């Protein structure tokens, strides 16, 4: 590979752009250039945490082709396990007293969050993945997510019920309350998110990820090639639960509180929207989608109390004119130029014409049959 090729590959590497996005977000997120306001660090923190959440969901949705309407259950499991470990609990279960004192070790909280989320994901995957696909898979994941939601909502003694759990202390580093600052916590969360996304990038671009892409494109053909499709789908489902769990761990420390809404269908639906906005079959798409969604939420909510309706309108329009998301639009500009990319947004005929120009050989080139003669 030439030096120019290596430089181009480095410049277009998704992890480089992920790092750059994370680095600039606290300075631009929520900014109002007309009022001279700078960025809001808390909005940027929300963006990167949900970017990680959406990226984990997208491992299953964008790279396997299975739509889950219940991935918020892994987010809320990670969040509640962290909260319960940090604050402690004392609860009666089947006549037994289960109790745990308050603790501040964030590494143990993270490990416990991952263990609970992965075990629950493995149990669900063994039950539902071999028996369902498509809309049935989506509805079953939604049903199990509602189970977790109602447990957190109704079990007042353990989870605080509707009010949730409050006053959760942020962890100390070497006895120093360094993360009580919003800016400090952002950079801590940014480091965790970036390292976790590096792991996700490695998974997607490994031979395992290539098999997932083959399953997404054609399950039957993947079976004919000798792959155990259900086994790969189970593994992908379990892996996709790890990233929302880490996001839930971060979210609990960031908010210093957690309530049952974190496991609601609204949170599951939001990450679907984020993935589609950014581009579901790309690595960077869900991260961009999460940033765009929360930027819209912040801006529109300041203008009207009906901000959810307006975001819904924006989402519908965006999906209709750019179904491949932001990354799809960027790819169109790179392939066809700005003028043709804009034409493709609004004209079906333009999309067909530009696709034909790319796929068919020029008229002055001999076709394969003439060459064979």
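Enumerate the pairs (first residue in segment 13-34 and over 23 Å from residue 198 (Cβ atoms); second residue anywhere and surrounded by 13 or more Cβ atoms within 10 Å (Cβ to Cβ) and modelled with pLDDT of 90 or more) with beta-carbon separation below 6 Å, excluding pairs fewer than 6 apart on the same chain, so at least 6 apart or on different chains.
That search, which allows pairs on different chains as well, returns 30/43.
In segment 87-113, what count of residues is obtained for those that are touching a residue at least 12 places away in the same chain (Cβ under 8 Å) and under 25 Å from the mean Cα position of the chain (by Cα)? First the steps, then the outcome.
Of segment 87-113, the ones touching a residue at least 12 places away in the same chain (Cβ under 8 Å) are 87-89, 91-92, 100-106, 108-110, 112-113.
Still in the running and under 25 Å from the mean Cα position of the chain (by Cα): 106, 108-110, 112-113.
Final tally of qualifying residues: 6.
Scan 373, 343, 334, 348 and give me the residue that is out of contact with any strand residue (DSSP E or B) (no Cβ under 8 Å at 6 or more places or on another chain), over 22 Å from residue 272 (Cβ atoms), at pLDDT 70 or above and loosely packed, with under 10 Cβ neighbours inside 10 Å. Before the answer, list the steps.
Numbers: 373 fails: at pLDDT 70 or above; 343 fails: loosely packed, with under 10 Cβ neighbours inside 10 Å; 334 fails: loosely packed, with under 10 Cβ neighbours inside 10 Å.
Within the list 373, 343, 334, 348, the selection yields 348.
Could you name every one of the helices (runs of 4 or more DSSP H) located completely within segment 148-237 that has at least 2 residues being farther than 26 Å from residue 48 by Cα? Talk me through it step by step, then tell me what you get.
Details: elements: 156-159, 182-204, 207-217, 219-224.
Filter on segment 148-237 gives 156-159, 207-217, 219-224.
How about segment 139-160: which of its residues are closer than 19 Å to residue 128 by Cα and surrounded by fewer than 16 Cβ atoms within 10 Å (Cβ to Cβ)?
139, 143, 147
If you go through segment 93-114 one residue at a time, do you hit one that is assigned to a loop (DSSP other than H, G, I, E, B), on the phi > 0 side of the Ramachandran plot and in contact with a strand residue (DSSP E or B) (Cβ under 7 Å, 6 or more places away or on another chain)?
So in segment 93-114, the residues assigned to a loop (DSSP other than H, G, I, E, B) come out as 94-95, 101-105.
Filter once more, so that each one left must be on the phi > 0 side of the Ramachandran plot: 94-95.
If we keep only those that are in contact with a strand residue (DSSP E or B) (Cβ under 7 Å, 6 or more places away or on another chain) too, we end up with none.
No, that holds for no residue.
Here is a check on your reading of the model: is residue 262 under 25 Å from residue 73 (Cβ atoms) and either at pLDDT 95 or above or not in a helix (DSSP H, G or I) (or both)? Let's see the steps before the verdict.
Details: under 25 Å from residue 73 (Cβ atoms): yes; either at pLDDT 95 or above or not in a helix (DSSP H, G or I) (or both): no.
In short, no.
Only one of 81, 129 is in contact (Cβ under 8 Å) with a residue 24 or more places away in the chain and either in contact with a strand residue (DSSP E or B) (Cβ under 7 Å, 6 or more places away or on another chain) or within 30 Å of residue 214 (Cβ to Cβ) (or both). Can you tell me which? Give the steps one after another, and end with the answer.
Values: 81 fails: either in contact with a strand residue (DSSP E or B) (Cβ under 7 Å, 6 or more places away or on another chain) or within 30 Å of residue 214 (Cβ to Cβ) (or both).
On inspection, the qualifying residue turns out to be 129.
Please give the number of the condition residue 240 fails out of (1) surrounded by 19 or more Cβ atoms within 10 Å (Cβ to Cβ); (2) farther than 19 Å from residue 131 by Cβ.
(2)
Out of (1) surrounded by 18 or more Cβ atoms within 10 Å (Cβ to Cβ); (2) more than 19 Å from residue 247 (Cα to Cα); (3) over 24 Å from the mean Cα position of the chain (by Cα), what's the single condition that is false for residue 124?
(3)
Select, from 306, 293, the only residue that is over 11 Å from the mean Cα position of the chain (by Cα), modelled with pLDDT of 90 or more and within 29 Å of residue 162 (Cα to Cα).
Only one candidate passes the filter, namely 293.
Cβ-Cβ distance below 7 Å, separation of 6 or more or different chains: which pairs start in segment 317-330 with a residue that is on the phi > 0 side of the Ramachandran plot and end on one that is crowded, with 18+ Cβ neighbours inside 10 Å and part of a helix (DSSP H, G or I)?
Hits for this filter: 325/276; 325/277; 325/278; 325/285; 325/289.
Considering only residues that are outside any helix (DSSP H, G or I) and crowded, with 21+ Cβ neighbours inside 10 Å, which ones fall in segment 243-258?
In the first step, residues of segment 243-258 are kept if they are outside any helix (DSSP H, G or I); the result is 256-258.
Of everything in segment 243-258, just one residue is outside any helix (DSSP H, G or I) and crowded, with 21+ Cβ neighbours inside 10 Å, namely 258.
Evaluate the following for residue 253: is it touching a residue at least 40 places away in the same chain (Cβ under 8 Å) and either at positive phi or more than 12 Å from the chain's Cα centre (by Cα) (or both)? Outline the logic, then answer.
Details: touching a residue at least 40 places away in the same chain (Cβ under 8 Å): yes; either at positive phi or more than 12 Å from the chain's Cα centre (by Cα) (or both): yes.
Yes; evaluated as a whole, the condition is true for this residue.
The values are calculated or read from the model by the stated rules, or taken from the named source; none is laboratory data. Remember, predicted model here, so these are calculated numbers, not experimental data. With ideal geometry, Cβ positions are generated from the backbone for all residues, glycine too; neighbour counts draw on all protein chains shown.
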